[in-house]
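Notes follow the structure.
The values are calculated or read from the model by the stated rules, or taken from the named source; none is laboratory data. What you see is a predicted model; the values in this text were computed from it and never measured. Reconstructed Cβ throughout: ideal geometry from the backbone, glycine too, with neighbour counts over all protein chains shown. Surface accessibility is based on the protein's heavy atoms, side chains included, excluding ligands, DNA and RNA. Shrake-Rupley method; radii C 1.70, N 1.55, O 1.52, S 1.80 Å.
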Amino acid sequence: MLLWAASALAQSDEDIRRLVIQDSLARFQGYCPCPYSYDRGQQCADKSVYRQASGGRPVDLYCYPHDVPYWEIVNYRRRMGLR
């Protein structure tokens, strides 16, 4: 347990952003969440939910590191018991 906490401490903001993106994509229900996703062997690109203009993208769908707000990083560290 102590080793796990120590490795969590060593995680950079960028590492946490990647984890938040992975979690976001795992929770997404449907096809083509991100432009780089694939559906039926083809890259989604402009068909992706992320790129759809009408209705906007879901607020909890993160495809790229710059999409992840800083408060998500803070919440992750808080959930892990880090400060």
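The residue of segment 48-83 that is least open to solvent (accessible area, probe 1.4 Å), among those that are β-branched (V, I, T) and in a loop (DSSP other than H, G, I, E, B), is V68.
Any residue that is assigned to a loop (DSSP other than H, G, I, E, B), open to solvent by 100 Å² or more (accessible area, probe 1.4 Å) and polar (S, T, N, Q) - is there at least one of those in segment 33-47? Lay out the reasoning, then the answer.
From segment 33-47, those assigned to a loop (DSSP other than H, G, I, E, B) are 33-37, 40-41, 44; that's our starting set.
Next, from what is left, pick out any that are open to solvent by 100 Å² or more (accessible area, probe 1.4 Å): 40.
From what is left, the residues that are polar (S, T, N, Q) are none.
Checked against the condition, which is being assigned to a loop (DSSP other than H, G, I, E, B), open to solvent by 100 Å² or more (accessible area, probe 1.4 Å) and polar (S, T, N, Q), segment 33-47 yields no hits at all.
When only residues in segment 1-28 that are closer than 22 Å to P69 by Cβ and of a type in the set (S, T, Y) count, which is modelled with the highest pLDDT? Here the residue is S24. Just so you know, in segment 21-32 the residues that are of a type outside the set (A, V, I, L, M, F, W, C) and farther than 17 Å from Y76 by Cα include one that is surrounded by the most Cβ atoms within 10 Å (Cβ to Cβ), and it is Y31.
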